[in-house]
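> Okay, here's the structure, questions in a sec.
Each reported figure results from applying straightforward, stated rules to the coordinates on display, with no laboratory input. The shown structure was predicted, so the numbers you read here are calculated from the model rather than taken from an experiment. A quick note on method: Cβ atoms are made from the backbone with ideal geometry, for glycine too, and the neighbour counts reach across all protein chains shown.
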Amino acid sequence: MNNHTLKIVTILGARPQFIKAAVVSRALSKYPDIQEIIVHTGQHFDPNMSQLFFEEMQLPKPSYHFDIHGLPHGALTGRMMEKIEEVLMDEKPDWVLVYGDTDSTLAGALAAKKLHIRVAHVEAGLRSYNEAMPEEINRILTDRISDLLFCPSETAMNQLCKEGRLANDAKVVMSGDVMKDAARQFAPLMRKPATTLPDRYILCTLHRTENVDNPQVLNQLLYALEQTCNSSPIVCPLHPHTRKSLETIGYPIDCSPIQFIEPVGYLEMLYLLNHCTLVMTDSGGLQKEAYYMRKYCITLRNETEWTELVGCGYNHVVGTEPAAILQTVQNLMDVPPVFPIPLYGDGHAAEVIAETMKGR
């Protein structure tokens, strides 16, 4: 390897990571003395959940694709670590770059640290304070062993300070949120999904394990959504895992009052966000995407890692009880979209990340 070339191995595995990496990889590519090698663990294996994002966002094709998915968390993380370790031993990078809070994130960070390779974590410092969530464990452990921590918000910076991360060798950087970069860069390219949409609709997504793998909770959510359809249509891109759960409980997908559509890419999701009246989701990323598109969000969970959205009134965490969901929908349906408080940086987080890594 040329002494003047900085080699970065980027670990990806899930939809939100592809979007984040698209803007960061673009920023890294502006430096001729930075070489990025992309590893796709295969954690999201449906073409609409992975390959589509690489194509439409012009993300460089992965140099390595493991196709590891469908396993329990421990087995999934262990298998990924094994394969990532092989890549790192062959490539000998200066940095391993990881995103967010998936099993792929933790596997990449652990494999790197055990080989004494520096780790940079994009989206550091987030906490939901619910350690029953695998994502919470992943983000805590990844932050703890990372050498460079890129925070999307002041709240995240403050969290790391509380945990003592500013006092050790890790460098903590307020980069802003790369998803804001993505919304800024890709909004002009948004495109309508190949389906008929109502004039006014609520956009809904469901995929989180604790919601869709528990038949009682899933039925509660379906009841709340069906009742909401009496006053407003709901459009719901159907995650492959959620489809399987609906089929398991015998739910009539094709004749439901909820308009289920096929999974969509990022550019189509931006279109759905731009044209909806309200967002209902159990996703982490979509909560912020709703904010960037100036739409109020109802979060179908008991907590969120994006606490500043709640504090500013843009996001309402309601849990899964139908009464709370229906009341919040009623309260928000006709609220004008007033979003005066800027959060998550200026839309140039990827440039900060690239410049910082270049200088290290």
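> Excluding SER256 itself, calculate the net charge of residues whose Cβ lies under 13 Å from the Cβ of SER256, where each Lys or Arg counts +1 and each Asp or Glu counts -1. All intermediate terms of the calculation are to be shown ahead of the outcome.
On the way: positive: ARG243; negative: GLU226, GLU247, ASP254.
Local charge sum for SER256: -2.
> Grab the DSSP H runs of the chain that are 4 residues or longer, score each as -39,500 (n - 2.57), total them, divide by all residues and round the 222 nm result to the nearest 500 deg cm²/dmol.
Values: 15 runs with 152 residues, N = 360.
When only DSSP H runs of four or more count, the value is -12500 deg cm²/dmol.
> While we're here: Once label points are set 7 Å from the Cα along Cα→Cβ at both CYS229 and HIS65, what is their separation, rounded to one decimal in nm?
About 3.6 nm, to one decimal.
> Just want to confirm a number: the relative contact order over the chain, from Cα pairs under 8 angstrom separated by 6+ residues, in percent. Intermediate values should be presented prior to the final figure.
On the way: 671 pairs, mean separation 57.8, N = 360.
Answer for the chain is 16 percent.
> Along the positive direction of the dipole of the chain (beta-carbon charges: Lys, Arg +1; Asp, Glu -1; about the Cα centre), which of ALA187, VAL264, ILE253 reaches farthest?
ALA187
> Only counting other Cβ atoms within 10 Å, I'd like CYS151, CYS312, CYS255 sorted with the fewest neighbours first. List each step's numbers first, then the result.
Details: CYS151 28, CYS312 13, CYS255 6.
Lowest count first: CYS255, CYS312, CYS151.
> I would also like to ask the following. Once fully extended, how much extra length lies between GLU247 and LEU141, figured as 0.36 nm per residue of separation less the alpha-carbon to alpha-carbon distance?
On the way: separation 106, 0.36 × 106 = 38.16 nm, distance 3.52 nm.
Length difference between fully extended and current span is 34.6 nm.
> Using only the alpha carbon atoms of segment 117-226, find the Kirkwood hydrodynamic radius as the inverse mean reciprocal pair distance, in angstroms to one decimal.
Working: mean 1/r = 0.0583 Å⁻¹.
Taking every pair of different Cα atoms in segment 117-226, averaging 1/r and inverting gives 17.2 Å.
> Can you list the lysines whose alpha carbon sits under 23 Å from that of LYS92, skipping same-chain ones fewer than 8 residues off?
LYS7, LYS30, LYS61, LYS83, LYS113, LYS114, LYS171, LYS358
> Could you tell me how far the Cα centroid of segment 52-128 sits from the Cα centroid of segment 19-43, in Å?
Taking the Cα centre of each part, segment 19-43 and segment 52-128 sit 13 Å apart.
> Could you work out the relative contact order of segment 82-168, using alpha carbon pairs under 8 angstrom and six or more residues apart, expressed as a whole percent?
On the way: 128 pairs, mean separation 24.2, N = 87.
Relative contact order here is 28 percent.
> Subtracting the Cα-Cα distance from 0.36 nm times the residue separation, let me have the gained length for LEU166 to ALA132 in nm, one decimal.
Numbers: separation 34, 0.36 × 34 = 12.24 nm, distance 2.65 nm.
Extending this stretch completely gives an extra 9.6 nm.
> With a Cα-only, solvent-free Debye model of segment 189-332, what are the log10 I(q)/I(0) values at q = 0.15, 0.18, 0.21 Å⁻¹?
After summing over all Cα pairs, the log10 values are -0.69, -1.04, -1.47.
> Looking at segment 259-332, which trypsin sites (Lys or Arg not before Pro) are in a loop (DSSP not H, G, I, E or B) and have at most 15 other Cβ atoms within 10 Å? Walk me through the numbers on the way to the answer.
Numbers: sites: LYS288, ARG294, LYS295, ARG301; in loops: ARG294, LYS295, ARG301.
Answer by residue number: ARG294.
> Follow-up question, since we're still on this one. Along the charge dipole of the chain, which of VAL96, ILE68, TYR201 sits closest to the positive end, that is, farthest toward it, with unit charges on the beta carbon of Lys, Arg, Asp and Glu (+1, +1, -1, -1)?
The listed residue farthest towards the positive side: VAL96.
> For segment 214-229 and segment 147-185, what is the separation of their Cα centres, given in Å?
That distance is 36 Å.
> Here's something else I'd like to know. Based on the alpha-carbon set only, what is the convex hull volume of the chain divided per residue, in Å³? Don't jump to the answer; show the numbers that get you there.
Numbers: hull volume 45.9 nm³, N = 360.
Residue-normalised Cα hull volume stands at 128 Å³.
> What is the fewest-to-most order of PHE339, PHE54 by other Cβ atoms lying within 10 Å of their Cβ?
Arranged by neighbour count, lowest to highest, PHE339, PHE54 become PHE339, PHE54.
> Give, as a single signed number, the net charge of other residues whose beta carbon lies under 13 Å from the beta carbon of ILE353, with Lys and Arg counted +1 and Asp and Glu -1.
Values: positive: LYS20, ARG26, LYS30, LYS171, LYS180, LYS358, ARG360; negative: GLU36, GLU123, ASP177, ASP181, GLU351, GLU355.
Once positives and negatives cancel, what remains is +1.
> Place +1 on the Cβ of every Lys and Arg and -1 on the Cβ of every Asp and Glu in the chain, take the dipole about the Cα centre, and give the residue among ALA224, LEU115, VAL310 whose Cα lies farthest towards its positive end.
Farthest along the dipole direction, towards plus: LEU115.
> Here's a follow-up. Give the angle, between 0 and 90 degrees and rounded to the nearest 10, that separates the Cα long axis of helix 266-275 from the longest principal axis of the Cα atoms of the chain.
That works out to roughly 40 degrees.
> What is the dipole size for segment 189-332, taken about its Cα centre, with +1 at each Lys and Arg Cβ and -1 at each Asp and Glu Cβ, in debye to the nearest 20?
Details: 10 positive and 14 negative charges, 79 e Å.
So the magnitude is around 380 debye.
> Next up: What distance in nm separates the two pseudo spin-label positions at PHE339 and THR195, each 7 Å out from Cα along the beta-carbon direction?
Distance between the two pseudo-spin positions: 2.2 nm.
> Can you compute the charge dipole magnitude of the chain about its Cα centre, using +1 on each Lys and Arg Cβ and -1 on each Asp and Glu Cβ, nothing else charged? Give it in debye, rounded to the nearest 20.
On the way: 32 positive and 43 negative charges, 118 e Å.
Value, rounded to 20: 560 debye.
> Using DSSP to define loop residues, name the GluC sites (Glu not before Pro) in segment 121-176 whose beta-carbon has at most 16 other beta-carbon atoms within 10 Å. Don't jump to the answer; show the numbers that get you there.
On the way: sites: GLU123, GLU131, GLU135, GLU136, GLU154, GLU163; in loops: GLU123, GLU131, GLU163.
Hits after loop and neighbour filter: GLU131, GLU163.
> Where Rh denotes the Kirkwood radius from the mean inverse Cα pair distance, what is Rg over Rh for segment 169-248?
Over the Cα atoms of segment 169-248, Rg/Rh equals 1.11.
> Considering only DSSP states other than H, G, I, E and B, which trypsin sites (Lys or Arg not before Pro) in segment 1-37 qualify as loop sites with at most 13 other Cβ atoms within 10 Å? List each step's numbers first, then the result.
On the way: sites: LYS7, LYS20, ARG26, LYS30; in loops: LYS30.
Here the sparse-neighbourhood loop sites are LYS30.
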